[in-house]
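Undergrad: Sharing a structure with you now.
The values are calculated or read from the model by the stated rules, or taken from the named source; none is laboratory data. The structure displayed is predicted, hence computed values, not measured ones. Here Cβ is always computed from backbone atoms with ideal geometry, including for glycine, and neighbour counts include all displayed protein chains.
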């Protein structure tokens, strides 16, 4: 695919220039829509058609999991799922619904080396999590197992967490939360299978245990499907003293 080498060249070139040289970059490698590849006005943007096709998630929604409501049910109302069983995390919010449009955007980020959109994604996430920031202490990504990180070369959740931490001026200590056991892909597994797959798969770095005591943590990931992964991490962090664990993702399966 053309986008992969072009994205790599653009990223390498962007790292070597500054100031007005960005104009030269746009002339040599015209900015493309992060989703469809159409030319756009500046790096890291979506074209008008792709932007209008995204289903952005906003209030009204479930106070806990963020599932959207068709009508405003009032403050603090929970969806049927959260009423039946409270999740291990405290709140979850997402930028947009996971559908055909957003899937293309996230696949390009996750597997297509389209990292030029990460700064914009960080701003979108920061807006989606506005209610979290007044008392947040740490922003942590869902970790990859070292072997998978070697194969993929980067952890998209870590890049998103770093972008959010910079935008919100919050610490995001690397490797505090670790994946201690390699797991198979969650894709295609049932809800119960996903929970079983990630059980005991995470660990907290020993040197970071003291940081978690009484902390309000925001976990960052790309997609919220059943919540099995973030729930496993939330349980672990609370066992190590975290007071609250909220979840912020780019997309959510509805």
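Undergrad: For residue 160, state whether it is surrounded by 19 or more Cβ atoms within 10 Å (Cβ to Cβ) and closer than 17 Å to residue 246 by Cβ.
TA: So residue 160 fits the description; yes.
Undergrad: Can you find even one residue in the range 168-177 that is in a loop (DSSP other than H, G, I, E, B), at positive phi and either surrounded by fewer than 15 Cβ atoms within 10 Å (Cβ to Cβ) or at pLDDT below 95 (or both)?
TA: Yes, the conditions are met somewhere in the range 168-177.
Yes/no matrix, rows are residues, columns are (1) out of contact with any strand residue (DSSP E or B) (no Cβ under 9 Å at 6 or more places or on another chain); (2) surrounded by 20 or more Cβ atoms within 10 Å (Cβ to Cβ):
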site: 53; (1), (2): yes, no
site: 63; (1), (2): no, no
site: 66; (1), (2): no, yes
site: 71; (1), (2): yes, no
site: 75; (1), (2): yes, no
site: 85; (1), (2): yes, no
site: 88; (1), (2): no, no
site: 103; (1), (2): no, no
site: 112; (1), (2): yes, no
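Undergrad: Could I ask something else about it? Is it the case, given these coordinates, that residue 97 is within 27 Å of residue 235 (Cβ to Cβ), at pLDDT 95 or above and touching a helix residue (DSSP H, G or I) at 6+ places or on another chain (Cβ under 9 Å)?
TA: Judged against the criteria, residue 97 is not a match.
Undergrad: Where residues in the range 184-236 are free of Cβ contacts under 8 Å to residues at least 24 places away in the same chain and part of a helix (DSSP H, G or I), which of them is nearest to residue 130 (Cα to Cα)?
TA: 210
Undergrad: Return the residues of the range 136-149 that are modelled with pLDDT under 95 and over 17 Å from residue 202 (Cα atoms); say none if nothing qualifies.
TA: Scanning the range 136-149 gives no hits.
Undergrad: Find the residue count for the range 79-130, including only residues that are in a loop (DSSP other than H, G, I, E, B) and touching a residue at least 12 places away in the same chain (Cβ under 8 Å).
TA: Of the residues in that region, 12 qualify.
Undergrad: Now, a different point. Give the residues of the range 204-254 that are on the phi > 0 side of the Ramachandran plot and buried (at least 17 other Cβ atoms within 10 Å of the Cβ), sorted by residue number.
TA: 227
Undergrad: If you don't mind, there's one more thing I want to ask. Can you work out which of the residues in the range 17-43 that are exposed (fewer than 12 other Cβ atoms within 10 Å of the Cβ) and closer than 18 Å to residue 109 by Cα is modelled with the highest pLDDT?
TA: In this case the residue turns out to be 39.
Undergrad: I need the full set of residues from the range 135-167 which are assigned to a loop (DSSP other than H, G, I, E, B) and within 20 Å of residue 215 (Cα to Cα), in order please.
TA: 136, 137, 142, 143
Undergrad: Among the residues of the range 131-154, is any more than 30 Å from residue 59 (Cα to Cα) and in contact with a strand residue (DSSP E or B) (Cβ under 7 Å, 6 or more places away or on another chain)?
TA: Yes.
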